[in-house]
Amino acid sequence: MKRRVAVAFTGPSGSGKTTLVEKVAKVLIEKQKVAIIKNDPKDKAVFDVEGKDSYKFSQTGAEVVVTSPTRTTYFSQREKTLDDIVAMIKDFDILLVEGLKTLPLPRIAIFRNEIDESYFDCSEAIAVDETINLAQYTIPKDIDILDLNDTAQIIEWIKHNAKNI
């Protein structure tokens, strides 16, 4: 079996998690197969159009797969564990997870304007930009400090810290 690794990103709403995951994925996908899990804790994401067949099917509560020559979409009405999702995706080299603070994965917390120190307990690194004055905070020595705008530095951290899964 080939080596597959995962890393997670966390942070307050509006901190730039999605933007960072997108930047990292665009670089990594040039040489690796990338998968992304996005947590939607408030169940706000909409994936189908009301009135379409796939929408009607998913409203039944059944597990629904819509397939075409260029993509496959899976609509599930059941919560999935990380292992369930990894088993479904199967073919990837690196998994980027946005959110899901409870997963036991190496984690980069993203901050702009201020640092929420409650994230220190679940993070191995923080990524900050110039809006953060690090002198105002007591950052634990075991947490790496990364430049939020230096995608290459963040990818290097991921290469050294991502967890085999």
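The values are calculated or read from the model by the stated rules, or taken from the named source; none is laboratory data. Everything numeric in this text was worked out from a predicted model, so none of it was measured. No Cβ is skipped: glycine too gets one built from the backbone with ideal geometry, and neighbour counts run over all protein chains shown. Quick note on the areas: whole protein, heavy atoms, side chains included, nothing else; ligands and nucleic acids left out. Shrake-Rupley method; radii C 1.70, N 1.55, O 1.52, S 1.80 Å.
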Item to check | Thr138 within 17 Å of the chain's Cα centre (by Cα), farther than 15 Å from Leu20 by Cβ and open to solvent by 70 Å² or more (accessible area, probe 1.4 Å) | outcome: no
Item to check | Residues that are outside any helix (DSSP H, G or I) and either open to solvent by 40 Å² or more (accessible area, probe 1.4 Å) or not aromatic (Phe, Trp, Tyr) (or both), drawn from the stretch 107-120 | outcome: Arg107, Ile108, Ala109, Ile110, Arg112, Asn113, Glu114, Ile115, Asp116
Checklist outcome for this item: Okay, helices (runs of 4 or more DSSP H) sitting entirely in the stretch 1-106 with 1 or more residues that are surrounded by 14 or more Cβ atoms within 10 Å (Cβ to Cβ) and touching a helix residue (DSSP H, G or I) at 6+ places or on another chain (Cβ under 9 Å), I get 17-28
Checklist outcome for this item: Selection from the stretch 74-114 of residues without any contact (Cβ under 8 Å) to a residue 40 or more places away in the chain, on the phi > 0 side of the Ramachandran plot and in contact with a Ser or Thr (Cβ under 7 Å, 6 or more places away or on another chain) yields Asn113
Checklist outcome for this item: Selection from the stretch 148-158 of residues within 17 Å of Phe111 (Cβ to Cβ) and either out of contact with any strand residue (DSSP E or B) (no Cβ under 8 Å at 6 or more places or on another chain) or open to solvent by 70 Å² or more (accessible area, probe 1.4 Å) (or both) yields Asn149, Asp150, Thr151
Next on the checklist: With the structure loaded, tell me whether Ala127 is open to solvent by less than 30 Å² (accessible area, probe 1.4 Å) and more than 30 Å from Ala62 (Cα to Cα) or whether it fails that test.
Outcome noted: yes
Checklist entry - Given (1) under 21 Å from Ser13 (Cβ atoms); (2) under 15 Å from the mean Cα position of the chain (by Cα), where does Val128 come up short, assuming only one miss? => result (2)
Checklist entry - Are any residues in the stretch 145-158 over 19 Å from Leu103 (Cα atoms) and out of contact with any Lys or Arg (no Cβ under 6 Å at 6 or more places or on another chain), and if so, which ones? => result Ile145, Leu146, Asp147, Leu148, Asn149, Asp150, Ala152, Gln153, Ile154, Ile155, Glu156
Checklist entry - Within the set of pairs 6 or more residues apart or between chains, which connect a residue that is of a type in the set (Val, Ile, Thr) inside the stretch 50-73 to a residue that is open to solvent by 100 Å² or more (accessible area, probe 1.4 Å) with Cβ atoms less than 7 Å apart? => result Val64/Phe57
